[in-house]
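In what follows, a single structure is set out as structure tokens and then discussed.
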Amino acid sequence: MSTFRTAGDGVEPARVPVRTLYTGAKMPAVGLGTFGSDRFSGEEIAEAVKGAANVGYRHVDCAAVYGNEPLIGQAFRELQSHGLDRADFWVTSKLWNDRHAEADVIPACEKTLKDLRLEYLDLYLVHWPFPNYHAPGVGVDSRDPHARPYIHADYMRTWRQMEKLVDMGLVRHIGTSNMTIPKLTLLLRDADVAPAANEMELHPHFQQPELFEFVVGHGLVPIGFCPIGSPTRPDRDRTPDDTVDIEDPVIVRIAGRLGIHPAEVCVKWAVQRGQVPIPFAVSRAQYLGNLEAAVGDPLSDDEMRDIAGIDKRCRLIKGQVFLWQGAGGWEDLWDEDGTIAGL
């Protein structure tokens with residue numbers, strides 16, 4: 001039994017809602033994101049992981065490409081030395097694009113486990129459905145000369161190795177990220193081990209209702225990145241037409257009624273809608289406020305309807321660096337016409 005004590009001003013983990021996966025496993029309905037957006041050091045993020053656990057977080061979303069898993073692993077080890085049982089916290093990580101080859105999937109997961117100092121992952125995601133790679137910190141115009149569109153046979157070869165990770169006991173669940181309905185339809189048809197979750201961009205200005213309903217309707221848990229509109233995202237992911245969720249008059253009005261920051265309204269909406277937001281924060285006040293939002297007074301039905309009405313279909317993470325030779329615009333990554341874009 002865990003002997004780890006939550007800070008006096010924190011949120012008791014038992015109060016945080018959970019989402020039940022098709023296996024019966026329970027995922028805490030709010031997690032801490034760990035992508036530093038090229039703006040925060042690994043040391044800062046590792047400290048945030050420890051601080052977040054101290055105020056009640058029991059869900060951390062990681063990825064190999066973020067470059068900070070060894071430092072987060074040290075944080076996990078320190079937390080466990082202070083009495084936090086491994087069974088009491090949920091850890092997700094992700095397979096990066098340059099490790100899709102059949103021979104690379106299992107070693108990539110093993111490295112993540114070594115870096116995180118864990119014996120297993122609760123959830124392991126294929127980070128993007130393409131093997132297209134970009135070097136860290138590149139600009140928006142960077143392109144991988146070997147990039148190619150989604151090829152389902154190739155993705156399934158990667159997925160079969162993901163399934164082996166479940167059989168080996170290295171991961172409890174596998175899932176997808178940055179997928180679309182056409183791609184998920186093929187995967188659900190062909191998978192032996194079904195995906196348990198899909199991580200996707202979700203915030204009030206980008207609600208993705210069709211994909212959200214598809215994911216939920218097929219028994220996957222929707223995990224939402226950029227839940228407050230990712231104000232610290234990299235410059236390469238910014239365009240002049242982007243909107244700002246936390247400045248929306250509806251969000252600001254609700255925040256005023258509740259006496260909380262607009263970002264916390266976004267988190268509260270996400271949890272109440274049924275997705276799992278994973279907001280990034282290194283400030284104690286911010287990550288504590290985000291967790292408090294999940295357990296505080298709910299939004300009214302009218303407020304939920306008002307937020308449903310401010311969807312601007314404003315995708316912030318467009319993925320331009322993953323485009324292949326001959327592709328049109330970034331829209332080709334997202335199958336917006338209902339078909340998978342090809343060569």
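Each value in this text was obtained by applying a stated rule to the coordinates, not by laboratory testing. Every value quoted in this text rests on a predicted model; they were computed, and no experiment measured them. All Cβ positions, even for glycine, are placed from backbone atoms using ideal geometry, and neighbour counts span all protein chains on display.
Consider just the alpha-carbon atoms of segment 74-212 and return their Rg together with their Dmax, both in angstrom.
For segment 74-212, the Cα-based Rg and Dmax read 16.2, 48 Å.
What number, rounded to the nearest 500 deg cm²/dmol, is the helix-based mean residue ellipticity at 222 nm of the chain, given -39500 (n - 2.57) per DSSP H run of at least four residues and division by all its residues?
About -10500 deg cm²/dmol.
For ASP104, project a label point 7 Å along Cα to C-beta. Then give me every residue of segment 65-79 with its amide nitrogen under 13 Å of that point.
Within reach of a label on ASP104: 65.
For labels at GLU331 and ASP85 in the simple 7 Å Cα→Cβ model, what's the distance in nm?
Distance between label points: 5.2 nm.
Output the antiparallel fraction of DSSP beta bridges having both residues in the chain, as a percent to the nearest 5.
Beta bridges within the chain, antiparallel portion: roughly 15 percent.
Two decimals is fine: what is log10 I(q)/I(0) at q = 0.07, 0.08, 0.14 Å⁻¹ for the chain, from a Debye sum with one equal scatterer on every Cα and no solvent?
Log10 I(q)/I(0), no solvent term: -0.27, -0.35, -1.18.
Modelled label-to-label distance, TYR120 and ARG77, 7 Å Cα→beta-carbon offset: nm?
In this crude label model, TYR120 to ARG77 measures out at 2.2 nm.
Run through segment 271-343 and list the trypsin sites (Lys or Arg not before Pro) located in a DSSP loop whose Cβ has at most 16 other Cβ atoms within 10 Å.
On the way: sites: ARG273, ARG284, ARG305, LYS312, ARG313, ARG315, LYS318; in loops: LYS312, ARG313, ARG315, LYS318.
Hits after loop and neighbour filter: LYS312, ARG313.
Using Cα springs under 10 Å in a Gaussian network model of the chain, which residue among THR20, THR239, THR180 shows the largest mean-square fluctuation?
Comparing THR20, THR239, THR180 in the GNM, the peak value goes to THR239.
Work out, step by step, the length gained on full extension between ASP302 and ASP154: first 0.36 nm times the residue separation, then minus their alpha carbon distance; give nm to one decimal. Spell out each step's value before the answer.
Working: separation 148, 0.36 × 148 = 53.28 nm, distance 4.56 nm.
Result: 48.7 nm gained on full extension.
Relative contact order for the chain using alpha-carbon pairs under 8 Å, separation at least 6, rounded to a whole percent?
Working: 625 pairs, mean separation 69.3, N = 343.
Computed value for the chain: 20 percent relative contact order.
Taking loop as defined by DSSP and a crowding limit of 15 other beta carbons within 10 Å, which trypsin sites (Lys or Arg not before Pro) in segment 201-255 fit? Kindly include the intermediate steps, with their values, before the conclusion.
Details: sites: ARG236, ARG238, ARG253; in loops: ARG238.
Taking segment 201-255 and a limit of 15 other Cβ atoms within 10 Å, the loop trypsin sites (Lys or Arg not before Pro) found are ARG238.
Determine the distance separating the Cα centre of segment 6-73 from the Cα centre of segment 199-228; give it in Å without decimals.
Each part's Cα centre sits 19 Å from the other's.
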